[in-house]
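Comments concern the structure below.
The values are calculated or read from the model by the stated rules, or taken from the named source; none is laboratory data. Just so it is clear, the model here is predicted, and its values are computed rather than measured. A quick note on method: Cβ atoms are made from the backbone with ideal geometry, for glycine too, and the neighbour counts reach across all protein chains shown. SASA here: full protein model, heavy atoms, side chains in, ligands and nucleic acids out. Shrake-Rupley method; radii C 1.70, N 1.55, O 1.52, S 1.80 Å.
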Amino acid sequence: MRTDEQGLAYGGGWLDRAAGLRTDPGWIAARLTDRESVVLPLWRDRCLVSADRVLVRPAAVDAAELLAAADETIFLGLDAGRAVFAADLSGRPEREALALAGATEPVDVRALVGGLTPAEAAVQAYAKGLLHWHRGQRYCGGCGALTAAGDGGHTRSCTGADCGRLLFPRIEPAIIVLVEAPGEPERCLLARHRGAPEGSWSTLAGFVEVGESLEDAVRRELAEEAGVTVAEVSYQGSQAWPFPAGLMVGFRATAASMEVRVDGEEVVDARWFTRQELRARVADGRPLGRIDSIDHHLLGSWLDRAI
Ligand SMILES: [Zn+2]
């Protein structure tokens, strides 16, 4: 899988998001009739691909019928000066959406990621996350009136009288942490989560709660799920994870002691692994986490090599 320079899929800033142009409806309308502009159709959170599993990407001028049928059309940004739009066909039956897009199959971007360029994966994930947000914000949470998209699809505003509430796309941050043991030999803590296959071990993770810093969330999650107290917490990197609205923030932490006590709810087992044990697992063909995830990246960097 090709990834961005940090080794993490779905990020990389491949598009010029051109935020200053979003607020110009005339410019947006002109781009929708510009033969250089392209449209990425999506259907119920999935990419649309042709028979050879290539992403469908019609020119906007050829996609007039598709654009007219879309629930939402959003401006994603500029790709080498060409406007890129995402069009949501979720309101249509599958067969109709595929016909409109000239596609043969809807596929989740995470199932396709191994065959996509980093830019394709990132832009598809961005489109998926933003369209998902639109579908969940059709009504105002304050007065119940309909909302309408604005700013090229980067805001919604309430249409109710005397309300006008403005809504912005929501991102839900989560921490993910590789815990190291104190002292020698060097070991890291991996957990088996409820519902995960037997023998499937991963790093610990959880959503950040209101009123917490990222570091607070690391300490709380480790205490709650594994009974581990940590002394040091250090930032490692972040990953866009719009499935549907995540931002994964990766850390390493050093445990204050070797004691582990799992909660038995989310985490059913946790234990310490040496580098030798993990390398042996990889050599046996037992992967460490999803190849496109920051979990895989944190473990790979701890093993000091690509895995
Ligand atoms: Zn309202």
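Residue-level check: of (1) open to solvent by 20 Å² or more (accessible area, probe 1.4 Å); (2) in contact with a Leu (Cβ under 9 Å, 6 or more places away or on another chain); (3) under 30 Å from residue 220 (Cβ atoms), residue 138 misses just (3). For region 14-44, the candidate set comprises residues that are touching a Gly at 6+ places or on another chain (Cβ under 9 Å) and among the charged types (D, E, K, R); within that set, the residue that is surrounded by the most Cβ atoms within 10 Å (Cβ to Cβ) is 22. If you check 155, 159 for being closer than 23 Å to residue 20 by Cβ, in contact with a strand residue (DSSP E or B) (Cβ under 8 Å, 6 or more places away or on another chain) and polar (S, T, N, Q), only one passes: 155. Of the listed requirements (1) more than 12 Å from the ligand (Cβ to nearest atom); (2) out of contact with any Leu (no Cβ under 8 Å at 6 or more places or on another chain); (3) outside any helix (DSSP H, G or I), residue 176 misses just one: (2). Residue 150 passes every criterion in (1) more than 16 Å from the ligand (Cβ to nearest atom); (2) surrounded by fewer than 19 Cβ atoms within 10 Å (Cβ to Cβ); (3) not aromatic (Phe, Trp, Tyr) apart from (1). The single condition among (1) of a type outside the set (Val, Ile, Thr); (2) within 16 Å of the ligand (Cβ to nearest atom); (3) crowded, with 16+ Cβ neighbours inside 10 Å; (4) under 27 Å from residue 77 (Cβ atoms) that residue 169 does not satisfy is (2).
Look through 122, 161, 149 and report the one residue that is in contact (Cβ under 8 Å) with a residue 24 or more places away in the chain, out of contact with any Phe, Trp or Tyr (no Cβ under 9 Å at 6 or more places or on another chain) and either assigned to a loop (DSSP other than H, G, I, E, B) or more than 21 Å from residue 52 (Cβ to Cβ) (or both).
Details: 122 fails: out of contact with any Phe, Trp or Tyr (no Cβ under 9 Å at 6 or more places or on another chain); 161 fails: in contact (Cβ under 8 Å) with a residue 24 or more places away in the chain.
Checking each option against the conditions leaves just 149.
For region 137-163, the set of residues classified as more than 30 Å from residue 78 (Cα to Cα) and either modelled with pLDDT under 95 or among the hydroxyl-bearing types (Ser, Thr, Tyr) (or both) consists of 161, 162, listed by residue number. Selection of first residues in region 129-140 that are within 16 Å of the ligand (Cβ to nearest atom) and of second residues that are of a type in the set (Lys, Arg), restricted to Cβ pairs under 6 Å at least 6 apart or on distinct chains, gives the following pairs, ordered by first then second residue: 137/156; 140/165.
Taken over region 153-166, residues that are within 16 Å of the ligand (Cβ to nearest atom) and under 22 Å from residue 13 (Cα atoms) amount to 1. Checking each residue in region 205-247 for being touching a Ser or Thr at 6+ places or on another chain (Cβ under 9 Å) and more than 20 Å from residue 194 (Cβ to Cβ) picks out 219, 229, 230, 231, 232, 233, 234, 236, 237, 239, 241, 247. State whether the residues of region 87-107 include one that is more than 16 Å from the ligand (Cβ to nearest atom), farther than 17 Å from residue 22 by Cα, buried (at least 22 other Cβ atoms within 10 Å of the Cβ) and basic (Lys, Arg). No, because not a single residue in region 87-107 is more than 16 Å from the ligand (Cβ to nearest atom), farther than 17 Å from residue 22 by Cα, buried (at least 22 other Cβ atoms within 10 Å of the Cβ) and basic (Lys, Arg). Filtering 99, 86 for residues that are touching a residue at least 40 places away in the same chain (Cβ under 8 Å) and either under 28 Å from residue 138 (Cα atoms) or hydroxyl-bearing (Ser, Thr, Tyr) (or both) leaves a single hit, 86.
Exactly one residue out of 199, 289, 300, 285 is on the phi > 0 side of the Ramachandran plot and under 25 Å from the mean Cα position of the chain (by Cα): that is 289.
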